[in-house]
1. With only alpha-carbon atoms counted, please give the Rg and Dmax of the chain, in Å.
2. What residue among Met77, Met52, Met29 shows peak mean-square fluctuation when the chain is described by a Gaussian network model with Cα springs under 10 Å?
3. Could you state the principal axis extents of the C-alpha atoms in the range 172-232, from the largest down, to the nearest angstrom?
4. Considering the chain as a Gaussian network with a 10 Å cut-off on Cα pairs, which listed residue, Arg222, Arg45, Arg242, attains the greatest mean-square fluctuation?
5. Once fully extended, how much extra length lies between Glu150 and Arg222, figured as 0.36 nm per residue of separation less the alpha-carbon to alpha-carbon distance?
6. Loop only per DSSP, at most 14 neighbouring Cβ atoms within 10 Å: give me the GluC sites (Glu not before Pro) in the range 141-218, ordered by residue number.
7. In Å, what Rg and Dmax follow from the Cα atoms of the range 129-252?
8. Per 5 Å bin from zero, what fraction in whole % of the C-alpha pairs of the range 68-180 is there, up to the bin with the longest pair?
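Just so it is clear, none of the values below were taken in a lab; they were calculated from the coordinates. Bear in mind the structure is a predicted one, so any value in this text is a computation, not a measurement. Cβ atoms come from the backbone with ideal geometry, glycine included; neighbour counts cover every protein chain shown.
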Amino acid sequence: MRMYVMRLGYCDVDKGQILTPGIGDGVHMLIPILSFLVETDDGARVLIDTGMHPVHIEDPEHTFGNGELNEILRPVMTENDTLEYRLREIGLTPGDITHVANSHLHFDHCGQNFLFPDVPIYVDRRHFAAARTSPSFPAEYIDAPGLRYELTDGEHEIVPRVRTLASPGHVPAHQSFAVALSESTSFVIASDAIYTKDNIEFDAWGSQDDPELAKVSAHRLRDIAVADDSTLVYGHDPDQWRELRLSPDYYE
Ligand SMILES: [Zn+2]
């Protein structure tokens, strides 16, 4: 069993405005956009989150326009940050993916869902319903032609050794993932339940939709990671990704 960690570009953010209110206000940094590919021994290939749509390569303002938000959150993406490129690097095409799962449907987590028509895309049912009624979740990325969403209810196993962990607070019914590659190598992929290490260290949840709920979810994810001796992977940590083994290298 293997897991590839793929970097699909960055966002240039104002740390305090986007990640940790009150800590680093006005400080700009590049945060990574990540996707994870888990290959099982029996041939399943599960992709967790799909990054930003490649439209942002030419048009970084495509999703948020050129207004105020663009000052604090700006996509930075090149041709090498597409899933097609990252998969090609390891000898695969989108057609080789058997399952897709989105932690949630913000633009930086479902932007390349369009590559996977006819592949089951696992999203929490309550999250999907919430995303349908909020402008925070642009329909153009969710509704690409031919996509087949498998709406799920609570925590479940996608394939053996890859399971979802309910982690609401960032958005309604956000989900994180536990991936157990072997007895000694396992991960808790927090996604945006925990943006960065600083959120945990400073217990800073003010930028989440529901800060109290986000705090409970984040502490639970951290406790699971500690209990299972798993690596806790943050959603957008500007430092942690440099220490991760990035694709085409992999964990096993
Ligand atoms: Zn995100």
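1. Considering the chain through its Cα atoms, Rg and Dmax are 16.7, 49 Å.
2. Of the options given, Met29 has the highest mean-square fluctuation.
3. The Cα atoms of the range 172-232 stretch 36, 23, 15 Å along their principal axes.
4. Ranking Arg222, Arg45, Arg242 by mean-square fluctuation puts Arg242 first.
5. Values: separation 72, 0.36 × 72 = 25.92 nm, distance 2.75 nm.
23.2 nm is the gain from fully extending Glu150 to Arg222.
6. Glu155, Glu183
7. When restricted to the Cα atoms of the range 129-252, Rg and Dmax are 15.4, 43 Å.
8. Per 5 Å bin, starting at zero, the Cα-Cα P(r) for the range 68-180 comes out as 2, 11, 19, 22, 21, 15, 8, 2, 0 percent.
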